[in-house]
Amino acid sequence: MYIFDLDGTITDTNGLWRQVDAEFLGRRGFASTPEYEKAVGSSIFPAAAQYTKDAYCLPDTVEQIMAEWECLAERHYRELAPLKPGAREFLLQCKGEGRPMALFTACRPALCRAALDRFGLRELFGHIVFAEEIGFEKRDPRCFARLGGILSAPLGECVLFDDSVENCAAAARAGMATVGVYDPYYEHRQEELRAVCRRYIRSFEELLH
């Protein structure tokens, strides 16, 4: 089974979260930092919101933080953010070959569905699983062990496509094959991504035939 991440893998949406963070914190008189971006960059939404609340001593509840983030990002997912080059074509190619596919994302469900519906991709996936429902960060191998149970798929027969070094490393430790997908957001970590993945691609166009 092929398992795909969404943000930074299928959709070019990693960068917009920097804008969301900057606007959210700016409204409160704070600025984002590299340390903050690293901490929340691959976290599930509730954990990222709790970290933000604690790091900046915010009076907002975790639920209020998540709701504001979702509001700020919604238009990007519904109207603006593009697909990564070759992503749609590769997904259709896999579907045509009869390959089982799943989507596994830390994105908020409403935002994820808005993007998939915009590009007509939702029906291509037999399963759509949200990391926040599992309860572990995607950088935790236990997350992928639980995912395998949800999908009824042996991890040794699964291939993860993801742009995050930590996510790919965790999946590999759990027994999955991994394909690292280039994303400009992680430009400075591409050699790390190559090192932890079985294969590395700059674009899904490399996999088309």
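The values are calculated or read from the model by the stated rules, or taken from the named source; none is laboratory data. All of these numbers come straight from a predicted model, not from anything done at the bench. Glycine also receives a Cβ, built like all others from the backbone with ideal geometry; neighbour counts cover every protein chain displayed.
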Note to self: When you scan segment 172-179, do you find a residue that is among the β-branched types (Val, Ile, Thr), touching a strand residue (DSSP E or B) at 6+ places or on another chain (Cβ under 9 Å) and touching a residue at least 40 places away in the same chain (Cβ under 8 Å), even just one?
What the structure shows: no
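Looking at segment 175-183, is at least one residue in a loop (DSSP other than H, G, I, E, B) and out of contact with any helix residue (DSSP H, G or I) (no Cβ under 7 Å at 6 or more places or on another chain)?
Step one: list which residues in segment 175-183 are in a loop (DSSP other than H, G, I, E, B), which gives 175-176, 182-183.
Applying the additional criterion that residues be out of contact with any helix residue (DSSP H, G or I) (no Cβ under 7 Å at 6 or more places or on another chain) yields none.
There is no residue in segment 175-183 that is in a loop (DSSP other than H, G, I, E, B) and out of contact with any helix residue (DSSP H, G or I) (no Cβ under 7 Å at 6 or more places or on another chain).
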Residues of segment 1-52 being at pLDDT 90 or above, over 11 Å from the mean Cα position of the chain (by Cα) and polar (S, T, N, Q), in sequence order, are Ser32, Thr33, Gln50, Thr52
Of the residues in segment 69-94, those that are crowded, with 16+ Cβ neighbours inside 10 Å and either under 17 Å from Glu132 (Cα atoms) or of a type in the set (Lys, Arg) (or both) come to Trp69, Glu70, Lys84, Arg88
Query raised in the report: Being buried (at least 16 other Cβ atoms within 10 Å of the Cβ) and touching a Gly at 6+ places or on another chain (Cβ under 8 Å), is that true of even one residue in segment 102-121?
Result: yes
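Are there helices (runs of 4 or more DSSP H) fully within segment 78-157 with at least 2 residues that are farther than 18 Å from Ile10 by Cβ? List them.
Once the helices (runs of 4 or more DSSP H) in segment 78-157 are filtered for at least 2 residues that are farther than 18 Å from Ile10 by Cβ, what remains is 131-134, 141-151.
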